[in-house]
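Heads up, the thing below is written out as structure tokens.
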Amino acid sequence: MIKITDQLEFHLSTKNTSYIMKILDSKHIGHLYYGRKIREKNNYDHLLQNYTLPLGNATDYSTETKHFTLDSTPVEVGSYGKGDYKQPSIELSYKDGSTVSDFLYQSYDVYDGKRNLEGLPSSFANEDSAKTLEITLYDSIVNVSLVLSYSVFYEKDIITRHVKVINDSKEDVMINKIMSCNIDFQDSKFDLITLDGKWIKERHINKKQLSEGIFMIDSKRGVSSSTHNPFMCLSRPLTTESNGECYGFSLMYSGNHQGSVEVNPHQLTRLQMGINPFDFMWTLKPTDIFQSPEVVMTFSSDGYNGMSHNYHDFINEHIVALHWQKKSRPILINNWEATYFDFDEKKIVKLAKEAHKLGIELFVLDDGWFGKRNDDTTSLGDWFENKKKLPNGLEGLSKKINDIGMDFGIWVEPEMISVESELYKKHPDWAIKNPNREVSFGRNQLILDLCNDEVVEYLFDILSDVFKRSKVKYVKWDMNRNFSDAYSNVLPSNRQKELNHRYMLGLYNLLEKLTKAFPEILFESCASGGNRFDMGMLYYMPQTWTSDNTDALERQMIQYGTSMVYPISTMGAHVSAIPSHQVLRNTPIETRYNVAIFGLLGYELDVTKLSNFEKKVIIKQINYYKKHRQLLQYGRFNRLNTPFDSNITTWMVSNKTQHIIGNYQKLQVPNEGFESIRLVGLNPDKDYEINSREQYFNVKSFGDLINQVSPVKMKENGIVHQLVSDNYLFEANKESFEAGGDELMYAGLKLKHQFIGTGYNESLRHMGDFGSRVYLLEEKN
Ligand code: DGJ
């Protein structure tokens, strides 16, 4: 797993990958290789290409190491001032004003397992699942040490990295930039994939070819953001979902981050990830240590799905808290899109009763239950119930929900404060705002200063009280604005640039305390949907509200992109009303469900207004989910067909003997050809029974063709038509057959043809606009 030779070559190996470094003659750490596994050897010197004659315009590192220039040498730490002109991974400044750093090898240490990062989320391992290498470097001119940590998760094909800076000098040292990882590849033939977006359009896949220059993603928003997820993937040209080589880099951090890829004139590719150096400066006092967040790196030669599998397994087994690992997640109903702020106890209880009849297990009371909150202008910070809406308090409501037979969950947005609140009257100084400027609002609210320990203590106490009183089994932790007017009343002027990171440390401290105090509560993090979907939050809260966009078509893209890194067991996904509140689109109820089951299923609509048709359909949907819940939440997920450049989206989830496939179309295509789906992960030597899930149409979707499909004649839009449409479940044609695993993988799952405009019979597969099908494959003995 970690082999170190006498010449100080470090070979970190996982089941399928190798990561090789070497201490160079100059004493810098050279990067020799990362990729597909190569055999153990005692010498990999030949992997490092370098110039042996003077290079025009180059800066020689020293007179002893003649012609050796850092600019063309792949290294593990990029520093400024000694001839490396690429982006530095560390930038320090010292009392004399100088900014040159030069970190040289001093020692190394290897141990079994992995130590937690203090105050930051970090992946965990026992002594068998990981080994850690720490390499200490030292700059003897300024007396600063740098410790590079590499934890190798053999079975998972994952290596995590982070960096520690230690001030061994007698004077303050300023950290201007400290990246968690710097990796130099010796060529530049890569595509870069990033997950980008915005509110209600998160984590769309963007792919571009690398070329000379610097490409950067970042967040200055104080949250990891939906603009750019803290993730980058480098892949070799022509890599597909199931073939080809790719590398993933994911930063376990929920605040301002930066990821960059630079291709220099020597075609060296340098990738870095870490805390955003923008608006960041940290004063490191003598003996102080600064620790960067962790980067989770992986490599796969089995295409993008291979990379995602590594991440999914890693998150499920080394990031999500042990208590929640592989634990069934409840089907919930959330009242937000059903009521917004307009509810009272009576209405909530009515919704809960109806939801319970449908088979839903948990009721989540969303925004608006506290203070004077009837819209989004007031009361954040006043975490006591609005007695007008909830005369029996949270305790009373929770009891009523429990008596119905459901668990109770609650929404909070603890990091925020409204100016119109009791809390603001008492502690205006607790809000992040500059005393000399008019403050800018986001969603009418300000952010609490979590750099202040008093605020963290206050939130811990008040939230603990709410959670205890209301006996919640689930908490939705929301966060609805980006940072502005950065200024903390508890930081001196020369430390204001520490605010963003100190805020994160305060938040992580609060989450650590709360999740320790309430280990049985299932926390779901949310930030106007997916504005903070990252590994850092998943360490404390095992699931995230993927997006405020619940439209079934948009969700295909959002969930497809999100799954590049995050397993479906982390993605909240709800069935909501139509027209969609985000895009005003009408999609069939079966498609809304077929998309949401490839996530953690919930319903978010006024269930008291459902037609009998919808109720009957939902009951069937919920039963199906319950029957296949473990497979749907924790099965091996594979993307098969991307929604980003085609009309069809396909994905599947598998365990050893069962597979569920989701197939969706955007628009009905006239006179369409045949479709077949090449599946993955089956046993070629076994046969499978294939059954489409029972699905139903509302007869109204056939318009005035109803009399061509119905045995009973009826007048379009007449009383009978309405009655039938409200109550009758018109079953979509079933597809049911047997096929071999080899046929299904190599020839494909052959689907029936669709509606082609000439009639309707038993053997067509009617989908319509935004239609979809779900198939269950079961291995035969
Ligand atoms: C934003 C969230 O993403 C929504 O689901 C909802 O909880 C609202 N906030 C409530 O204000």
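The values are calculated or read from the model by the stated rules, or taken from the named source; none is laboratory data. Source: prediction; values computed, not measured. Backbone-built Cβ (ideal geometry, glycine too); neighbour counts: all protein chains shown.
Kindly evaluate D449 against the criterion of being closer than 20 Å to K372 by Cβ, within 33 Å of the chain's Cα centre (by Cα) and more than 16 Å from the ligand (Cβ to nearest atom). In short, no.
The C-beta contact set for segment 482-500 (first residue more than 16 Å from K433 (Cβ to Cβ), second residue in a loop (DSSP other than H, G, I, E, B) and at pLDDT 95 or above, distance under 8 angstrom, 6+ apart or interchain) comprises K497/D279; K497/F280; K497/M281; E498/F280; E498/M281; E498/C451; E498/L491. When the residues of segment 359-368 are filtered to those that are in contact (Cβ under 8 Å) with a residue 60 or more places away in the chain and not in a loop (DSSP other than H, G, I, E, B), the one that is farthest from the ligand (Cβ to nearest atom) is L362.
Residues in segment 754-781 that are modelled with pLDDT of 95 or more and either basic (K, R) or within 30 Å of K656 (Cα to Cα) (or both): G771, S772, R773, V774, Y775, L776, L777, E778, E779, K780.
Only one of the numbered conditions (1) within 12 Å of the ligand (Cβ to nearest atom); (2) on the phi > 0 side of the Ramachandran plot; (3) surrounded by fewer than 21 Cβ atoms within 10 Å (Cβ to Cβ) is violated by G371, and that is (1).
Is it true that K715 is in a loop (DSSP other than H, G, I, E, B) and modelled with pLDDT under 90? So K715 passes the test.
Output yes when any residue across segment 604-627 is farther than 30 Å from L351 by Cα and over 23 Å from the mean Cα position of the chain (by Cα), and no when none is. No; the residues of segment 604-627 include none that is farther than 30 Å from L351 by Cα and over 23 Å from the mean Cα position of the chain (by Cα). Consider L268 carefully, then state whether it is of a type outside the set (V, I, T), touching a residue at least 40 places away in the same chain (Cβ under 8 Å) and within 16 Å of the ligand (Cβ to nearest atom). So L268 does not fit the description; no.
The single residue among R532, R585, R592 that is buried (at least 24 other Cβ atoms within 10 Å of the Cβ) and either farther than 17 Å from P121 by Cα or polar (S, T, N, Q) (or both) turns out to be R592. Just name the residue that is surrounded by the fewest Cβ atoms within 10 Å (Cβ to Cβ) out of those in segment 166-180 that are hydrophobic (A, V, I, L, M, F, W, C) and more than 15 Å from L137 (Cα to Cα). Of everything passing the filter in segment 166-180, M174 is surrounded by the fewest Cβ atoms within 10 Å (Cβ to Cβ).
Yes or no, residue by residue, for (1) closer than 21 Å to F755 by Cα; (2) in contact with a Lys or Arg (Cβ under 8 Å, 6 or more places away or on another chain):
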position	(1), (2)
V680	no, no
K700	yes, no
K715	no, no
S725	yes, yes
N733	yes, yes
S736	yes, no
E743	no, no
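Close Cβ contacts (under 7 Å, 6 or more residues apart or on different chains) running from residues in segment 413-432 that are more than 19 Å from D376 (Cβ to Cβ) to residues that are more than 16 Å from the ligand (Cβ to nearest atom) comprise D429/N489; W430/L448; W430/D449; W430/N452; W430/V455. Restricting S301, S224, S250, S242 to residues that are within 27 Å of P74 (Cα to Cα), touching a residue at least 60 places away in the same chain (Cβ under 8 Å) and touching a helix residue (DSSP H, G or I) at 6+ places or on another chain (Cβ under 8 Å) narrows the list to S250. Checking each residue in segment 335-346 for being within 15 Å of the ligand (Cβ to nearest atom), over 20 Å from G572 (Cα atoms) and surrounded by fewer than 19 Cβ atoms within 10 Å (Cβ to Cβ) picks out F341, D342. Name the single residue, out of those in segment 718-760 being among the small types (G, A, S) and part of a loop (DSSP other than H, G, I, E, B), that is surrounded by the fewest Cβ atoms within 10 Å (Cβ to Cβ). Once the filter is applied, the top-ranked residue is G757.
State all residues of segment 535-570 that are within 16 Å of the ligand (Cβ to nearest atom) and either surrounded by fewer than 24 Cβ atoms within 10 Å (Cβ to Cβ) or assigned to a loop (DSSP other than H, G, I, E, B) (or both); if no residue qualifies, say none. Correct list: M541, T546, S547, D548, N549, T550, D551, E554.
Per-residue answers, yes or no, for (1) within 12 Å of the ligand (Cβ to nearest atom); (2) buried (at least 19 other Cβ atoms within 10 Å of the Cβ); (3) not in a loop (DSSP other than H, G, I, E, B):
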| position | (1), (2), (3) |
| --- | --- |
| H318 | no, yes, yes |
| I333 | no, yes, yes |
| I348 | no, yes, yes |
| K357 | no, no, yes |
| K388 | no, no, no |
| L397 | no, yes, yes |
| D403 | no, no, yes |
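Please indicate, with yes or no, whether at least one residue in segment 182-190 is modelled with pLDDT of 95 or more, touching a helix residue (DSSP H, G or I) at 6+ places or on another chain (Cβ under 7 Å) and within 19 Å of Y253 (Cα to Cα). Within segment 182-190, none of the residues are modelled with pLDDT of 95 or more, touching a helix residue (DSSP H, G or I) at 6+ places or on another chain (Cβ under 7 Å) and within 19 Å of Y253 (Cα to Cα). Taking segment 600-694 as the region of interest, the strands (runs of 3 or more DSSP E) fully inside it that hold 1 or more residues being under 23 Å from F737 (Cα atoms) and among the hydroxyl-bearing types (S, T, Y) are 648-654, 658-665, 687-692. Got a sec? Which of S440, S470, S464 is small (G, A, S), away from the ligand (no atom under 16 Å from the Cβ) and more than 18 Å from G371 (Cα to Cα)? Answer to the check: S440. Among the candidates R555, R585, the residue that is without any contact (Cβ under 8 Å) to a residue 60 or more places away in the chain and touching a helix residue (DSSP H, G or I) at 6+ places or on another chain (Cβ under 7 Å) is uniquely R555. Looking at segment 605-634 only, could you name the residues that are surrounded by 24 or more Cβ atoms within 10 Å (Cβ to Cβ) and within 16 Å of the ligand (Cβ to nearest atom)? The answer is L605, and nothing else. Within segment 477-512, the only residue that satisfies the criterion of being away from the ligand (no atom under 16 Å from the Cβ), farther than 23 Å from S292 by Cβ and among the charged types (D, E, K, R) is D485.
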